[in-house]
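Report on the structure given below.
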Amino acid sequence: MPTRIFALAFLMFCALLSGCGGKNDPQVALEAAVQQLQDNLEAKQNSAVLDQLHPQFSAQGEFDREWAQRTMLLLFMRHKNVKVLALSKNSFVDATYSEKGHTEAQVAVAGAEGLIPDSARHYSVKMEWWLEGDEWQLARLSWE
C-alpha cells in the first residue's frame, strides 16, 4: 500500500513540470497543467487534483478515480507534509494527435510529519494527458 500511496504522490509530482501562461499554446498549457497538479498535491487539495483527472482516468491499467481519491486521502492523513521533486522531466504534445500530451519524469516523493522526511521513494512516471476543451486532464498514469 505505501508504494501505491507514493506512486500517486509521484504522479502529482509530475505536475511540477514547469509551465506558465499561454492558453493558446498547447505545450505551455500542458506544462502548466503538470505544475498545477504538483502544486495541488503538495497543498493537499484533493478536490483540485480530482478536477484534473479525466473521467476515464486509469493508473497502472487497473486503478480508477476512486482509487486515486482514497490513495490521496490516505497519503494526506499519514503525512503532514508531502513533497514532490522532479529529478528530470519531459512533457510534449503528441505530434500526430494534438489532443494528447505526454509527460515522462523521474520523481522523488517524500512524506514527513515535520521538517525531516520520514519516508521517500523514487519513481519513473509516465502520464498521458487528454485535452478536454481548453484544459489538459490526466487520463493515464503508470510508474515503475
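Just so it is clear, none of the values below were taken in a lab; they were calculated from the coordinates. These numbers come from a predicted model, not from an experiment. Cβ atoms come from the backbone with ideal geometry, glycine included; neighbour counts cover every protein chain shown.
Sequence-ordered 3J(HN,Hα) estimates for the stretch 48-56 from the Karplus curve with 6.51, -1.76 and 1.60 and θ = phi - 60° stand at 5, 5, 4, 5, 7, 8, 5, x, 9 Hz, glycine and proline given as x. In loop segments of the stretch 51-144 as defined by DSSP, the chymotrypsin sites (Phe, Trp or Tyr not before Pro) with at most 11 further C-beta atoms inside 10 Å of their C-beta are Tyr97. Here the simple spin-label model places points 7 Å from the Cα toward Cβ, and for Leu50 and Ala120 these points are separated by 3.2 nm. Across the stretch 134-144, coupling constants 3J(HN,Hα) worked out from phi with the 6.51/-1.76/1.60 Karplus curve, θ = phi - 60°, read 10, 10, 7, 10, 6, 10, 9, 9, 9, 8, 10 Hz, and Gly and Pro carry x. Shown for the stretch 50-144: lysine pairs separated by 8 or more places, or found on different chains, whose C-alpha atoms are under 19 Å apart, numbering 4. Taking amide H as placed 1.01 Å from N in the peptide plane, the amide H of Lys80 sits under 5 Å from that of Ala112, Glu113, each at least 5 places away or on another chain. Rounded to the nearest 0.05, what FRET efficiency do Leu85 and Ser142 have when you use their Cβ-Cβ distance and R0 = 30 Å? FRET efficiency, Leu85 to Ser142: 0.95.
For Glu135 and Glu104, the difference between the fully extended length at 0.36 nm per residue and the C-alpha to C-alpha distance is 9.2 nm.
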